[in-house]
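Presented below is the structure to which this report refers.
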Amino acid sequence: MQALRVHDRIVARALTALAACATLVVPAACGDRNGREPAAMPVVAKASCGPGSHPETALQGQVPPPLRRPGQFSGFNCNLELVGQRAGEGAGWQVAFFTDKAGHVCAYYDTSPSTANREHRGVVVIDASDPAKPVATAYLTTPAMLDPMESLKVNATRGLLVAVESISDKTGAHADIYDLSADCRAPRLLSGETEASATARPPANATERANEGDFSPDGRTYYATNLRSGTIHPLDVGDPAQPKVLAEWSMPFNQRTSGLAIGRDGIRAYFTLYGRGGAAGNAGDTALTNGIVTANVGDVQARKPQPQVKVIGSLVWGDGSASHQVIPIKIGGKDFLIATDEGGSGDSNANGWSAACEAGLPPWSMARIIDIGDEAQPKVVSELKLEMNDPANCRNVLPDLVGLSGFTYGSHYCSVDDPQNATALACAYFESGIRVFDIRDPRRPREIAYFVPPSVTSPRPGSFNNATTANGRPDHCSAQFRFDRRTAGLMTTCQDNGFLSLRFTNGAWPFSG
């Protein structure tokens, strides 16, 4: 097993330097050492809602207790309207998109692996060519597609859809790879078993389970992460029928990684450091461990034997945890990362949220924009913090979540309108819904639209949220997005409401001029 040995000292310095900051009330005071601005960053400016909107009735991003009863919450929307929907049996964590040569627009999303009260399991294939009438055209039920976790990804260059079930340097990979190029509505299996019963499924908590992943831009390499073991496995998918494990890398210092992204040249890689936050509840930690690592994976791109990964720079922060996703983008010709956490500054329960509030830290996760102009010393330039996430509002927000734990408020996946010229950012904020931001000035993002879907009135057995009972709890939005400049459209999924086709109103996006 190969560890991230080369230049580990860069990460070591970043983590060790923050050891003294881990117990501070406001880790932002460590700005010179963790790349954050010295002062706490403000809440992002709220959207100005135009005609046809039904604005939030409380704080930005909040669904207060009176609306959390069965049949009470009809949703909020601001400068985004629903055009089409395919609820089906609900949706899972993520969605991927592809447009084939004939112009068909397709979406692929996972559903819960639960078998109870199910008609269709696996990954749902949606023909969204007519945004107002999304249609399910297939259900992918090969083993990896029954529960892909967050490994479900599309490579547009080669027209490939992949999900990875299990992986190790000893037994290789179990990856289901489909060809989308001929007709994205009818994926053709290239690699994997044709029946779910052909492979014994590893338990959901097994150390060999793949968690996340990303393609190199040329579509010839897929990098799979294993959150539980902290390993990264680059796979050669040049021949999709026979994927091969090229290496197994371990994160340094017993760290774990969830998401990753590969730069346009196939050489730069961005890994998340899936660590803990700096709230008082984590005072026993010796260092902050949550952030990102920038690395060179040119050895893999060049197919060198025993490829090494070379760490270039790193960044950690204490006002969040469980670093989950990175997106390399350009804004105004300059290089940035969008980074999301899926945990707040404390643990994901009442005690952790209270600890974060008492420490003056955000109790729920958020996205942030990171300047990587200097790769060795990246710097957070802004945070996509909503009013519900402001520690000053804890007294008003904590009653919303009495008796709950895990994912409630806070970020998960984000997408931009154009990675090479990003102007808008859409983020799924679980019970705060779909939030869209103008990021043309990365240091002063502002909210331009939101859509918080209604609570469902009947269970969705394919959902990870209201699967068995419609108890009034807000839907969980967690997936990526597809922007369509031509139609001012936005597509995504939320776990109870399924596939959603939305349209911007009141000129919110695309921007003119």
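For the reader, a short list of remarks on this structure follows.
- With the simple spin-label model, which puts each label point 7 Å out from Cα in the Cβ direction, the residue 306 to residue 511 separation comes to 5.0 nm.
- Modelled label reach - residue 116, point 7 Å along Cα→Cβ, the range 82-107 residues with backbone N closer than 19 Å: 89-93
- In order along the range 136-150, the phi-based Karplus estimate (6.51 cos²θ - 1.76 cosθ + 1.60, θ = phi - 60°) of 3J(HN,Hα) comes to 6, 10, 6, 10, 8, 10, 5, x, 5, 7, 6, 7, x, 6, 10 Hz; Gly and Pro are listed as x.
- For the range 214-274 and the range 497-513, distance of Cα centres in Å: 33
- A full extension of the chain between residue 264 and residue 48 corresponds to an added length of 74.2 nm, given 0.36 nm per residue minus the alpha carbon distance.
- Proximal lysines to residue 310, defined as alpha-carbon separation beneath 29 angstrom and excluding residues fewer than eight positions away on the same chain: 153, 170, 244, 330, 334, 379
- Once the C-beta distance of residue 396 and residue 470 is scaled by a Förster radius of 35 Å, the resulting FRET efficiency is 0.85 to the nearest 0.05.
- Put the Cα centre of the range 468-490 next to the Cα centre of the range 336-376 and the gap is 22 Å.
- Here residue 236 and residue 69 are evaluated by their C-beta separation; at R0 = 56 Å the FRET efficiency comes out at 0.60.
- With at most 14 other Cβ atoms within 10 Å, longest stretch of the chain clear of loop GluC sites (Glu not before Pro) (DSSP): 196-374
- Value of [θ]222 nm, deg cm²/dmol, for the chain, DSSP H segments ≥ 4, -39500 (n - 2.57) each, nearest 500: -1500 deg cm²/dmol
- Label-point separation in nm, residue 188 to residue 457, each point 7 Å along Cα→Cβ: 4.5
- Over the chain, relative contact order from alpha-carbon pairs under 8 Å, at least 6 apart, %: 19
Each value in this text was obtained by applying a stated rule to the coordinates, not by laboratory testing. Everything quoted here is computed from the prediction, not taken from an experiment. FYI the Cβ positions are ideal-geometry reconstructions off the backbone, even for glycines, and counts take in every protein chain you see.
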